[in-house]
Every structure is written in C-alpha cells, then in structure tokens.
Ligand code: THG
C-alpha cells in the first residue's frame, strides 16, 4: 500500500488557487513537504484552474517538485497536451492520471504512456458513463487493460481506478466499488487506486466514513488510496492495515508509532485523552412530528391534520406513507394547492435546514424522494389536466462539454422536479450547440449548467456566450465544485448557485420575475 497525497489540487482551496495564480511555487512546495512528513508515499499534482495555462503551470510545478521533494509524482490532468509536456522532460517514471475507456481518451493518452514509458491510471468509465455495478466497472477496466497491452504497455504499469461515488447520492454503489477492486485484482492482476474522500461528500464527520471505506477497500486489495495524509485518522488506518498485510513486518513501525500513544477511544472516560476523541453522542431523534413548521394556507385549512402529516413526512424524508397520505389530501383539496401549499413549503424548510448545516445531503435527497412519491400521486390524480402543471416553467440542465461528473447536476434536477418544474436533462458532456437547439425548440427560459472539472469551465463560458447571443431572454445559472461567485460573474452567468437548494430558490425568483 502506498498513500497518494491529494492536497496539490486547487479545487476548493483558496490559498492554493491564489498561490498558483500568482506563480508562488514555494507555497506548492510547502504542501508537498507537509504531505511527505505526514506519511505520503506519492504526490498527486493537479493545477487545473480555468484561467491558467495548464501545460505551462503543470510543467513548472512538476519541475520544481522534482528538484525539492524526492517522492514520485502522479500527473493529474485531463489535458493530453499538459500531460505530454510534463512527461517528456520528467526524470523518473511518472504515473499519468488518467485515461478512461472512451475511444477518444484511449487514443490520446495510451500512446503517450507507451512513448515515454509511464505508468497510467485507467478510470472505469466509458461512452456510456460509470457502470453502477462491480461487474460493469470491471468490464471497462478489462477493456482498458487490453487496449494498453495491445500497444505494448505492460500490466505492471497499469493502475485501475474503480471510481468512488458519494454515498449521499449513490449509496448502493459503495460496496460495488469495493467489490470491483477485488475483481480487478483477481482477474486482471493489475494494481488499483481510489480517490477515497469522494465517498463522504455531503455527510457529517467525513473522516469517519472515509476511514471506514478506506479499511474496506484496503481489505479488498486497494494499492493506492488517494487521500489527505494530514488526517491522522486515515494514516492510522493505513499504518494498522500494513500490519495485517505483512507490509509492516513484525509490526515494527506500528509499535514504534503507537505503543506509547494514547488512544482516545479507549482512554478512561473523563480524561483529556478520552475527551479529545469523543464523538458527539447520537442525539435522540428529534420529535419532528411535534409541531408543524409551515403556515397552512386558507385553501388547505379544512384538512390541516393531513397537511401537517404530509409536511412532516417530507421534512423527515419518509417516502413510504407519502402516496397514501397524498391520496387522502386529494380527496378534499385541489391538487395544485397541495403542491404549492404543502409540498413546496415543506421542501423550503428542508432547504433552510440544509443551508444552516442542520441537515446533510442524504436528508435533502430523502425529502426529495418523499415529495416525488407524493407528486406521482398528484400527477395520476390530475390525469389529462396534468398539463396544468406544465405551465411553461421548463428548466434545461446539463453538464458542459468535456465534463463527465454529474452528481451535482442530478441532485439539482431531482430537487427542481420536486418543486414542480418540468426539467429537461441533456445529461453530461453536452455540446453548446445542442443546448441551444433544445432551448430554441422547447422555448426554454432557464438553463442550469454544471462543471466539476477546471478544464471544462471554458466550455461553460462558451455555452453562456452562445445562449446570451442567440436567446437573449434566457437566463443561465451555473454551479459545480470549480466555480466561485466571482468566476461565475466573470463568465457572465446570470446566477451562481452554491448548491441544489439555492438553484430551486433562484428558479422560483426568476420565474416570478418574468411572470410565470
Ligand atoms: N481518482 C483519480 N484521481 C483523482 C480523483 C479520483 N484526482 C482528484 C481527486 N479524485 C482526488 N483528489 C482530491 C483532492 C482534494 C479533495 C478531494 C480529492 C478535497 N477534499 C475535501 C476537502 O478538503 O474539503 C475533503 C477532504 C476530506 O474530508 O478528507 O479537497 O477519484 N484517479
């Protein structure tokens, strides 16, 4: 097991972004040294920032790192140009991060790895996306390994990434990922890598979930966890695992490091050591059914008991009884009143709790699911007149050209649908011209664009420019990990959404402003 330090990556790191923009390479070296001292064996280097010349910056950073820190480097970039410029002059054997199963990627990246004798990370995704099952991910990995061997890259130089998804959105995949790691190890005999911390996105106590997932994956043969080595919790897990897998023979290192360390979990209660590690005790579940947190409108007043029940089901994210409870309401209430007077105010409450840090992403998703169950009944009930709900308030969502990450976009879609909007989802990696075509064809007034990768913000800017030029009455909101409010303004987005709840708020405000 070798730990890949993840911290040289500007996503979400203000200081590193500023340092890269001003060319302050000493700051980057500082991050490298800190990671080495914390126990990183390899360093991932990613300097993709939308407004930066990536090939030039990546090669400057790699050159400086090679001269000061002796650890091997992982060249993390989605630009084949940037990768080639770096590996051409790299002294040693770099690991390219990454190629994937798409034809275009295989053809662009594998020949570079072959020509310059690099190792390469292959991501288990292809033209049809990331397969949800272990066997599906394995099949893509198998294809990548076959392609690499065909052009003469030996198996020892291939590392497969089975791709970690967030449990907040893809809970059923967590153990599939772990299983995929064992399939890849067993059947292909290549090494494996995982970006561990993705698993805990939107969840409290991230390091607890991350370290548990890490332990499970190590147990299935994970060779290279990508993580933040400054977190003792992850490194503790790695050090302990190295005893189990015989890497730390005689447990020499383990004993040296831990024999005299106090363990916060087993220290006698009340001591400082115990307090240092005490997790907050699980709270008795709050009696959410106690009070109704919304103001019930006049039109629903005669059924206030049922309305309260539905509102509480939504807020606590219980979809099971939603269908039946909605039926009950519809027996005496108008369908649109139910949507506008109960579903939406309840979702607003959940959005506020999410903003306040009181609720986390899985809770937001559960509430959206509950509303969806209610909506299904409303739609059925409205039958032919269901068209009434399609009142011109259509929203197109897409992840921009070149970008394959769509977690954020999918969450936004789900939430907007449950606010009653008609959402047209064009999926991932969508051409600006395709977005324009659909906007025109379906008379769309609001477009949401997402970009998770620094390299694709350019495509976002192009899409916004095209839409604003061709369809002046159409508003564009943007979101995604690499964006900031400042950068969104710079590329002329009409609104920056910091999360899904914020997108719903903006949609509400925007449609009200144009009288829809
Ligand atoms: N696979 C491959 N390469 C990758 C990833 C992957 N490169 C990029 C990324 N995923 C791994 N690198 C990072 C870098 C920074 C952060 C996460 C992954 C990060 N995380 C949070 C933060 O600091 O706020 C949370 C960190 C934590 O809780 O530990 O910034 O999957 N091949």
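Please treat every number below as a calculation from the coordinates, not as lab data. Computed from a predicted model, the values in this text were never measured in an experiment. Heads up, the Cβs are rebuilt from the backbone with ideal geometry, glycines too, and the neighbour counts pull from every protein chain shown.
Using per-residue counts of other Cβ atoms within 10 Å, averaged over each peptide, order 499-508, 351-360 from highest down.
Per-residue Cβ counts within 10 Å, averaged per peptide and sorted highest first, yield 499-508, 351-360.
Extent of region 437-503 along each principal axis, from alpha carbon coordinates, in Å, largest to smallest?
30, 25, 17
Exposure proxy check: 246, 325 ranked by fewest other beta carbons within 10 Å?
246, 325
With everything on Cα atoms, drop me the angle between helix 103-116 and the longest principal axis of the chain, reported from 0 to 90° to the nearest 10.
It is inclined by approximately 20 degrees.
Report the calculated FRET efficiency for residue 295 and residue 331 (r = Cβ-Cβ distance, R0 = 22 Å), to the nearest 0.05.
Plugging the Cβ-Cβ distance into 1/(1 + (r/R0)^6) gives 0.45.
Rounded to the nearest 5, what is the percent of antiparallel bridges among the DSSP beta bridges in region 119-234?
The antiparallel fraction comes to roughly 10 percent.
So what is the relative contact order of region 362-516, in percent, for Cα pairs below 8 Å that sit 6 or more residues apart?
Over region 362-516, the number comes to 23 percent.
Treat the count of other C-beta atoms within 10 Å as a stand-in for reagent exposure and order 254, 265 from fewest to most.
265, 254
Give me 511, 477 ranked fewest to most by other Cβ atoms within 10 Å of their Cβ, as a rough exposure proxy.
Fewest to most other Cβ atoms nearby, the residues stand as 511, 477.
Mind checking the angle between helix 134-150 and the chain's longest principal axis? C-alpha axes, 0 to 90 degrees, to the nearest 10.
40 degrees
What is the Cα centroid distance between region 218-244 and region 400-438, reported in whole angstrom?
A separation of 36 Å, based on Cα centres.
Compute the length gained on full extension between residue 230 and residue 304: take 0.36 nm times their separation in residues and subtract their Cα-Cα distance, giving the result in nm to one decimal.
Stretched fully, the residue 230-residue 304 segment lengthens by 21.4 nm.
How far is helix 206-219 tilted, in degrees, relative to the longest principal axis of the Cα atoms in the chain, given as a value from 0 to 90 rounded to the nearest 10?
That helix lies at roughly 50 degrees to the long axis.
With an 8 Å Cα cut-off and a minimum separation of 6 or more residues, compute the relative contact order for the chain in percent.
Once normalised by length, the contact order is 10 percent.
Considering all projection directions equally, how large on average is the shadow of the alpha-carbon convex hull of region 399-479, in square nanometres?
For the Cα atoms of region 399-479, the hull's average projected area reads 4.7 nm².
What is the calculated FRET efficiency for residue 481 to residue 381, with r their C-beta to C-beta distance and R₀ = 41 Å, to the nearest 0.05?
0.55
Taking only DSSP H segments of four or more residues, each worth -39500 (n - 2.57), what value at 222 nm results for the chain once the sum is divided by all its residues, to the nearest 500 deg cm²/dmol?
-14500 deg cm²/dmol
Suppose R0 equals 41 Å. What FRET efficiency, 1/(1 + (r/R0)^6) with r the Cβ-Cβ distance, do residue 22 and residue 114 give to the nearest 0.05?
0.65
Ratio of alpha-carbon Rg to the 2.2 N^0.38 Å globular estimate for the chain, to two decimals, please.
Compactness ratio reported: 1.07.
Along Cα→Cβ, 7 Å out, is where each label goes; now give me the distance between the ones at residue 422 and residue 127 in nm to one decimal.
3.1 nm
Could you sort 79-88, 406-415 so that the peptide with the highest average Cβ count within 10 Å comes first and the rest follow in order?
Sorting 79-88, 406-415 by mean packing, highest first, produces 406-415, 79-88.
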